[in-house]
Amino acid sequence: MVRLHIKKGDESQFLFDTTVTAKLEDVIKEVAEVYNGRLKVQRMCYEMEELAKHGVSLPPNMQGLTDEQVEDLKLVDEWGEKCQPSGGPVFNKDKIGRRNGQAPNEQMAEVINKTISEARKIISKDQATANVVMTMTMIKDALDQLRGATMIVYPMGLPPHEPIQMEIESNEDLEGTQASKEIIEEAAASLWFSGKEMIRGKKLSDFIGRNEKTKIIAKIQKRGQGAPAREPVFGEEERKQMMAHAYRKQEEWKKLTEDSEDAYLDSGWADTGALKRQFHGIQNVKLGPRS
């Protein structure tokens, strides 16, 4: 199997296995699917952290309003009463006014937070360092765990406008958000290797050869953005070692230049009378009283 180390810019993302005979249309589609799947898990984890702290999301027409404004406008959160957490709620006001403040109790919040931790481990970038290949099966497993946790804590379900529920149903509205800029649609995705775009319509072998044991760094980005920056010749650890070596050499040269050019005359081997004293047996003669 060919192993692709997928990066976005200089940032490592995940490992992906394929074959040299694979069509690039299929490879790009699958890589983009995994890339976007990881983003989906990250979004759900963030929203579930907020769910554990402040309860379910308020209806869009109530978000960001003060209690006085809600009262003046006579707005009612009908879903807040229907969607109560198991064991009863604990009030924890959301300062930004996105959620209703009816948070799960400590035990139920722990269920959510523990599941979030497990899901993040599954899609972590550290998996690439550990030589673990990322697959859609792993991503779906993480999503299933997150969905299962919400069902345990909220057996009556979540409001239809709740971002977590919208993610579960794949109806998320990301328009105008930073998250929308991070997504790379499959049709708009491109893969680059060694400064060249791997063009759709060809096979992977057209760019990397026919060796199935090949491992390469491939960069994903949106089409039309030009070539991504090339990988540095030396890694960060190698660069640090080279800098330390250069510093040691610099210090050695600095010490040598500080020494006098005639300093060698003080050495024993430069004493012109040493041989004469040796023949007369008067080496190491010290003048002065005996001790």
In degrees from 0 to 90, rounded to the nearest 10, what is the angle of the helix 106-122 Cα long axis to the longest principal axis of the chain?
60
Which value in Å does the Kirkwood hydrodynamic radius of region 33-106 take, with 1/r averaged over all unlike C-alpha pairs and then inverted?
13.4
Counting only protein heavy atoms and rolling a 1.4 Å probe, one gets per residue an accessible area for the chain in Å² of 65
Which value, in nm² and rounded to one decimal, describes the direction-averaged projected area of the C-alpha convex hull of region 3-135?
11.2
Could you give the alpha-carbon Rg of region 143-187 over 2.2 N^0.38 Å, rounded to two decimals?
1.35
Would you compute, for the Cα atoms of region 77-159, the largest minus smallest coordinate along each principal axis and list the three values in descending order, in whole Å?
47, 25, 22
Cross-link pairs beyond the 30 Å C-alpha cut-off, checked among LYS121/LYS213; LYS7/LYS240; LYS74/LYS140; LYS82/LYS181; LYS140/LYS219; LYS40/LYS114
LYS74/LYS140; LYS82/LYS181
Would you kindly calculate the translational diffusion coefficient of region 93-207, applying Stokes-Einstein with the Kirkwood radius from alpha carbon pairs, for 37 °C and a viscosity of 0.692 mPa s, and quote it in µm² s⁻¹ without decimals?
186
In deg cm²/dmol, rounded to 500, what helix-only [θ] at 222 nm does the chain give when every DSSP H run of at least 4 residues adds -39500 (n - 2.57) and the total is split over its residues?
-13500 deg cm²/dmol
Give me the angle, in degrees from 0 to 90, between the Cα long axis of helix 236-258 and the longest principal axis of the Cα atoms of the chain, rounded to the nearest 10.
30
What is the P(r) of region 23-70, as percent of Cα-Cα pairs per 5 Å bin from 0?
5, 17, 13, 14, 13, 10, 9, 8, 6, 3, 2, 1
Return one number: the angle in degrees, 0 to 90 and rounded to the nearest 10, between the long axis of the Cα atoms of helix 24-54 and the longest principal axis of the Cα atoms of the chain.
70
Can you give me the pair-distance distribution of the chain, C-alpha pairs, 10 Å bins, whole percents?
5, 19, 20, 15, 12, 8, 5, 5, 5, 4, 2, 0
Carbon/sulfur fraction of accessible area - region 1-154, other protein chains in place, 1.4 Å, %:
51
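The values are calculated or read from the model by the stated rules, or taken from the named source; none is laboratory data. Everything numeric here is computed off the predicted structure, so don't read it as measured data. Note: accessible area is taken over every heavy atom of the protein model, side chains too, but ligands, DNA and RNA are not part of it. Shrake-Rupley method; radii C 1.70, N 1.55, O 1.52, S 1.80 Å.
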